[in-house]
Structure formats: C-alpha cells, structure tokens
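Colleague: Before we start, here is the structure in question, set down as structure tokens.
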Amino acid sequence: MKIEKLYEYYEDFCPECGGNIICNTYERVCKNCGLVINKIFEDSSYSFGEDNCMSSSNKQYVALGNRTDFVGGLGTYIGYENSKYLKDKKGNLLSPNEQKLYRRLKKNYSKFLRIKNHETEYRIFKILKKVSIYLNLNINIRNNAAFYYKKIKKKEKEIINNISLIAFCIFIAGREENFKSPITINEISSAFQKFGHRVNPRLILRDGLKYKKLLEVKTKPHKSENYLIRLVYQVINHKSLQKRLIDKGSPWSINEFQIKLTRKCQEILESLSIWERGGRNPFILTGAVIYLADKLLANENDLKSILTQKLVSDATGIAEYSIRDHYVNLLKPLFKTKLN
C-alpha cells in the first residue's frame, strides 16, 4: 500500500489574513486565524507483500487486522454482528448449505474468542473511541493514547485504575500532538463522567506522576495562544451575543467583531511577558484576555463594551471569579492607561 506524494509549491502566507502557515498533522493551517489551507499527502512507511523499494523507511510491514486502538484477530469478519442471513459480495443470498457452513464458522469466531484474555483492553478501547468522538479528537491522538496505554501496561505489572490511565494517555497524547485546540484535564474528566465513569482531575494527575516516566516523552506546556482561537469561537457563538451587539449599538457584525476581538487578544498576549504571566493557568488567562480585549476595543472606538464576565464564563466554562481575579490583579494594572 503506497500513497503518492503530492508535489506542489505552496505559499508561505495565509491568503485570508497574511499570517504564517504551519503544518498541523496532515494539514497546513494559518497560525493566526486557523484557516485550513490544504492537506498534505506523504509517503506511507508501511507496505504489504514484497518490498521493491531500496529505501530503509519503506521496509516496515504490518499485519492485516492489527490496529493500535483495537483488540481483534487477523483477517475479516463474516457478515455483520447480528446478521441472520449471509450474502456474497454481489449481495445475493448464499445457498442453504453455505449458509449453514458460514454460520458455524461465524459462531466459532465469536467476539468472546477474539477478545479472550484481552477483556480489559477491549473495554478500555471502546471507552477511548467514545470519548474521542465526544471530544472531537483527531485520529493521531486516539492512536497515540492507545499506544501509550499498551506501553504502560507492558512495563507496569499492576495498574491502579485502567480508566483513569487511558484518560491520562489521552491528555499526554494531546500535549504531544500540540494542535491548536488543546484539551484540558477538566474537559477530559467531564467527558468520562458523561459516560458514567468516575474519573476526576485528581486521578488523572496521580497517574501522570506515576506513569509519565515510563513513556519517556517530552512535552512543552501550553500557552494562552494555543487556546485563543477556540475560546474566541465559543464566545462568538454564545446565544446572547447577537442581542448584545444590537443593544449596545455596535456597528460591527458578528464576523467583524470576531476578527477585531481575535487581533486585539493577540496584541495583548504578545505584550505579556513570561514574567508578567507568572505561571498562571493559560486557559483561564485566555478567558480574562478576551474580556479585556473587548473593553479595549470599546475605548478605542467610543463604544460600549459587548462582553461581560458572566457571558465569557458561560461560553468558555471558566469560573466567573477566576476571570475577575486575573483581570483585576494582573491585566487591569498593566493596561490601566489604555482603559481610561
């Protein structure tokens, strides 16, 4: 199986806002506005059958049916899981004798036999799939989380809690992927709780302290810039924003307000040094920066402020008192002259 590489010459700047282009997984994305420019196709490092290529990167082989995030046997399955009448590849029913034969083969190759001695992994990977879909994670994060889980299981004989372990693996896989909408520990634990699993941030942090050394991965902490696009999008799509724009007499449409708000937030974050941020939570700081950016836009254009602390809190899920604390104690003293 080979994928031909797409040879094209790409521009290095976004056609929408003129920002720099970065490679994110298999896409080229604008660093400023998040616009997906195009997709990237690379050579597959896996091949089936004989290897005719002299390159060392193409001398890897994989087994059919062997997936990182799935527990199952080799080959394909016979019909569907609960199908009573089996059909051939053309959709025609098999003869009675063949029906009897393939039903017997299907029964002998049942789900129980496929997952025997791997029941825990099968259950954990089912949970991983549900949580990945709910959090809208890309396939790389899901596969890496499954790989990290298997790696820890192989090195550690006794696992305290398999469900909290896969939650930690999702978190560390998201950190390593370093995509523009990172997930927080609170969001991961909320997703697991939604599906009835008792996972809280404390358990995920406990597993992180215990098992991270087994993975030997180095991840950089996220900055507020990584959360900006997503949180601005959540604020813009708040149900009350359109009404507040009309009530406050704003001359901007929602799209214009989103562009101006994003650019102002980027200016604020660029002016904040690491020392001034003082190790504060970057997710909460981003929410406070969005609230400050709205106030600065209002002062610069002689308009009324659109956003409130409560609206930003409802849209982003950040506690209102946390936004107020970051705004009053950190941002307001630094931008006092611009607010007057």
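The values are calculated or read from the model by the stated rules, or taken from the named source; none is laboratory data. Note that the structure is predicted; figures quoted are calculated from it, not measured. Here the Cβ is made from the backbone with ideal geometry for all residues, glycine too, and neighbour counts use every protein chain on show.
Colleague: Could you tell me how many of the residues in the stretch 284-301 are of a type outside the set (S, T, N, Q) and either more than 30 Å from ARG175 (Cα to Cα) or at pLDDT below 90 (or both)?
Modeller: Qualifying residue count for the region: 5.
Colleague: Identify, from the list LYS243, LYS264, LYS304, the residue that is of a type in the set (Lys, Arg), in contact with a Leu (Cβ under 8 Å, 6 or more places away or on another chain) and modelled with pLDDT of 90 or more.
Modeller: So the residue among LYS243, LYS264, LYS304 that is of a type in the set (Lys, Arg), in contact with a Leu (Cβ under 8 Å, 6 or more places away or on another chain) and modelled with pLDDT of 90 or more is LYS264.
Colleague: Answer yes or no: is there a residue in the stretch 251-259 that is over 23 Å from GLY34 (Cα atoms) and either at pLDDT 90 or above or buried (at least 16 other Cβ atoms within 10 Å of the Cβ) (or both).
Modeller: Yes, that holds for at least one residue.
Colleague: Pick from the stretch 282-307 the residues that are in contact (Cβ under 8 Å) with a residue 24 or more places away in the chain and not in a helix (DSSP H, G or I): which of them is surrounded by the fewest Cβ atoms within 10 Å (Cβ to Cβ)?
Modeller: LYS304
Colleague: To continue, here is another question. Pairs only if they're at least six apart or on different chains, beta carbon under 7 angstrom, first in the stretch 313-328 and under 18 Å from ILE229 (Cβ atoms), second of a type in the set (Gly, Ala, Ser) and surrounded by 14 or more Cβ atoms within 10 Å (Cβ to Cβ); list them, first residue then second.
Modeller: From the stretch 313-328, the pairs are THR316/GLY287; ILE318/GLY287.
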